[in-house]
Amino acid sequence: MSAGIDTYNIQGLEELVAGLGQPRFRAMQLFEWLYGHGAVSYDQMTNLPAVLREELARVAPLQVPELVDKRISADGTHKYIMQLADGALVETVGIPNDTQDAAEGVGRLSVCVSSQVGCAMACRFCATGQEGFTRNLTPGEMAWQVLCVARDFDMRASNVVIMGQGEPFLNYDAVLSALRILNHPKGPGIGARHMTLSTCGITKGIERFSTEDEQFRLAVSLHSAQQNVRNELMPGCASAPLKALKNALLGYQAQTGRRVSFEYLLIDSVNDGADAQAALIAYCAGLKAHVNLLPINAVEGSSYKPATKARMHEWEQALAAAGVETSIRTSRGADIAGACGQLKNSRE
Ligand code: SF4
């Protein structure tokens, strides 16, 4: 079977069109139909010659993901299950924010995108980590998640976080291609600084990401600055020790000058003690980092419980007093199986 049009990045579309004997500008017309207008069929692409549309349908079928389930949280978050052309299911989350975009005067919409079907990293607190890895997503499958959510909200997506199912740096090329599609002015045109890639700490990926031209942002799921606790919570990361991770982040900052966000799920009696706090403060020393403290969502069958609100505030104050920029983030969509992979698993 021919690879779908979703497997092509921008350069690949140019080569595809050239290979079909068409001038280069046709590739950008095709791109604009796919990612600017969100076309679901080649028949819609009326300014492309019929013969090209027929050839494209033959050599690179266009099969957009189908939205098969949607839950709406009391806080306005939408969680979606998309079915891909091969039947695989992935989760995507749309998070509206009433804050006005200063430049455009409109509300903001963040889309949390999955980069893989399943995940090999096996983090113990994560429903996706329990299901194992199935396959990488293509650039188009990631970009379409954003288009689909924007269409459902009937508003432009202002922010993208590659923080859904999967470890993006284990699908590096396709993820970067998706970010470039989303960034392109003839596509959704989302600013690079409004797109964040979240890794659990793949050091080779961080090193490579340091060399990219665009100002995409980097977040790291840290969850513990103590090696033994982190190994327990995130066994897939044990081969990249915290020291190597910090060195990679120092290199990233030396190269880009950009700040890194640390995601830290506070789990009662696991990583919320005084020693854990001191370890995190020490880990942030020398880094331009912003720590986001999050309550863990309860996952069925897991013994992990969220730290108390009082504990979270105590951490926020202690980190701030130590000069570490910190925010408490509320967990959006907790009433609709908010944790990554939960809705999909419950559906399956
Ligand atoms: S938290 Fe992220 S990296 Fe860890 S298993 Fe889940 S999807 Fe994979």
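FYI, it's all coordinate maths here, none of it is from the lab. Note that this is a predicted model, so its numbers are computed, not measured. Methodologically, a virtual Cβ is constructed for each residue, glycine included, from the backbone with ideal geometry; neighbour enumeration extends over all protein chains shown.
For the reader, a short list of remarks on this structure follows.
- Modelled spin-label separation between Ser303 and Ala74, with each label point placed 7 Å from Cα along the Cα-to-Cβ direction: 3.0 nm.
- Spatial extent of the chain: Rg and Dmax, with the Cα atoms as the point set, Å: 20.7, 68
- Within the chain, helix-based [θ] at 222 nm, where runs of 4 or more DSSP H residues each add -39,500 (n - 2.57), nearest 500: -10000 deg cm²/dmol
- Summary value for the range 5-59: 26 percent relative contact order, contacts being C-alpha pairs under 8 angstrom separated by 6+ residues.
- The GNM of the chain, with springs linking C-alpha atoms under 10 angstrom apart, assigns the highest mean-square fluctuation among Glu55, Glu316, Glu66 to Glu55.
- Seen from Pro49, the other residues with C-beta closer than 15 Å to its C-beta sum to a net charge of +1, counting Lys and Arg as +1 and Asp and Glu as -1.
- Antiparallel %, DSSP beta bridges [both residues in the range 66-347], to 5: 45
- With R₀ fixed at 25 Å, the C-beta to C-beta distance from Asp335 to His290 puts the FRET efficiency at about 0.35.
- Amide H partners (placed H, <5 Å) of Val291, local residues excluded: Phe262, Glu325, Thr326, Ser327
- Under the Karplus curve 6.51 cos²θ - 1.76 cosθ + 1.60, θ = phi - 60°, whole-Hz ³J(HN,Hα) for the range 169-183, x wherever Gly or Pro sits: 6, 8, 9, 3, 4, 5, 5, 5, 4, 5, 4, 6, 4, 5, 7
- Environment charge of Arg259, counting only residues whose C-beta is closer than 13 Å and scoring Lys/Arg +1, Asp/Glu -1: +3
- Against the chain, whose longest principal axis comes from its Cα atoms, helix 10-19 is set at around 20 degrees.
- Between Glu314 and Leu20, the contour length at 0.36 nm per residue exceeds the Cα-Cα span by 99.6 nm.
- Largest GNM mean-square fluctuation across Leu13, Leu34, Leu197, computed for the chain with C-alpha springs under 10 Å, falls on Leu13.
- Distances between placed amide hydrogens fall under 5 Å for Cys126 paired with no residue 5 or more residues away or on another chain.
- Gyration tensor (alpha-carbon) shape descriptor, the range 5-59, a/c threshold 1.5: rounded
- When the trypsin sites (Lys or Arg not before Pro) in the range 14-76 are filtered for DSSP coil states and for at most 15 other beta-carbon atoms within 10 Å of their beta-carbon, the remaining sites are Arg24.
- Folded to 0 to 90 degrees: helix 50-59 orientation relative to the chain principal axis, Cα: 50
- Peptides ranked, highest mean first, by Cβ atoms within 10 Å: ranges 303-309, 171-177, 135-141: 135-141, 171-177, 303-309
- 0 to 90° range, to nearest 10: angle between helix 274-284 axis and the chain longest Cα axis: 50
- Three-way shape label, the range 255-304, alpha-carbon gyration tensor, a/c 1.5: oblate
- Quotient of the Cα radius of gyration of the range 94-193 and 2.2 N^0.38 Å, N being its number of residues: 1.12.
- Just checking the listed ones, Val111, Val59, Val90: in the Gaussian network model of the chain with Cα springs under 10 Å, the one fluctuating most is Val59.
- Using a cutoff of 8 angstrom between alpha carbon atoms and counting only pairs six or more residues apart, the relative contact order for the range 211-262 works out to 49 percent.
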